[in-house]
Amino acid sequence: MNNRIGLGYDIHRLVDGRKMFLGGAEIPYIKGFLGHSDGDVLLHAITDALLGAAGLGDIGEHFPDTDPKYLAADSKMLLKKTVELIKKDYKINNVDAVIIAQEPVLSPFKKEIQRSVASVLEVDESMVSIKAKTNEGLGEIGQKEAIAVYAVALLSRKE
Ligand code: MG
């Protein structure tokens, strides 16, 4: 078997005065993500899932947030660079993600997010699954202070 699975996780604090991007799609909301880059928590989790599956470390090693080069970086660009790296040796089979957000309600945007992620990964939309749930009002996520994402990716080694 040449399949390899990877897990990614990320959380970003919600702040005023920033646009919200999830999976590269702009989501209308009163807040956005605090972060060195655009704070796209979904793309960061997916990037880490891919790097993990390939055994290539994590997003912080590849794109350090201490590097001014990545200030206000477009997370789509960071993921695209990761995909280029991965695709030398691996094919992306599928990606599955769970967004944990008390607000905004994401169900109307899931399709758009799925499409956007698939285009960055250069895979068919059917290979990307985006799920969203609340945190039942519990903790910081439930208090709308942050949004977190878990993602898994399955790669297979090219022959
Ligand atoms: Mg992040």
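Taken together, the values in this text are just the output of simple stated rules run on the coordinates, not laboratory data. Here the structure is a predicted model, which means the values were calculated and not measured. As a convention, Cβ positions derive from the backbone with ideal geometry for all residues, glycine included, and neighbour counts pool all protein chains shown.
A few remarks follow.
- Dimensions (Å) - the stretch 6-74, Cα atoms, principal axes, largest first: 37, 24, 17
- If you take all other residues with their beta carbon under 14 Å from the beta carbon of GLU26, and give Lys and Arg +1 and Asp and Glu -1, the sum is +1.
- Local net charge near LYS144, Cβ-Cβ under 15 Å (Lys/Arg +1, Asp/Glu -1): -1
- Model label zone, LEU71; criterion: amide N under 17 Å from point 7 Å along Cα-to-beta-carbon; scope the stretch 35-57: 35-39
- Whether the stretch 57-109 is rounded, prolate or oblate, judged on the alpha carbon gyration tensor where a/c under 1.5 counts as rounded: oblate
- Approximate shape of the stretch 15-129 as ellipsoid semi-axes (Cα gyration tensor, √5λ), whole Å, largest first: 22, 19, 10
- Helix 41-54 and the longest principal axis of the C-alpha atoms of the chain enclose an angle of approximately 20°.
- Applying Stokes-Einstein at 4 °C and 1.567 mPa s to the Kirkwood radius of the stretch 35-87, computed over alpha-carbon pairs, gives a translational diffusion coefficient of 119 µm² s⁻¹.
- Relative to the longest principal axis of the Cα atoms of the chain, the long axis of helix 75-87 lies at roughly 20 degrees.
- Pairwise FRET efficiency - ASP58 versus ASP96, Cβ, R0 = 22 Å, nearest 0.05: 0.70
- Distance between modelled label sites at ARG157 and GLU122, nm, 7 Å Cα→Cβ extension: 2.2 nm
- Measuring nothing but how far apart in sequence close Cα pairs (under 8 Å, 6+ apart) lie, relative to its length, the stretch 1-81 scores a relative contact order of 32 percent.
- Per-peptide average of other Cβ atoms within 10 Å, ordering 47-55, 84-92 highest first: 47-55, 84-92
- Dividing the summed -39500 (n - 2.57) terms of all DSSP H runs of n ≥ 4 by the residue count of the chain sets its mean residue ellipticity at 222 nm at -8500 deg cm²/dmol.
- Taking a Cβ cut-off of under 14 Å around LYS131, the surrounding Lys, Arg, Asp and Glu residues balance to a net charge of +2, with basic ones at +1 and acidic ones at -1.
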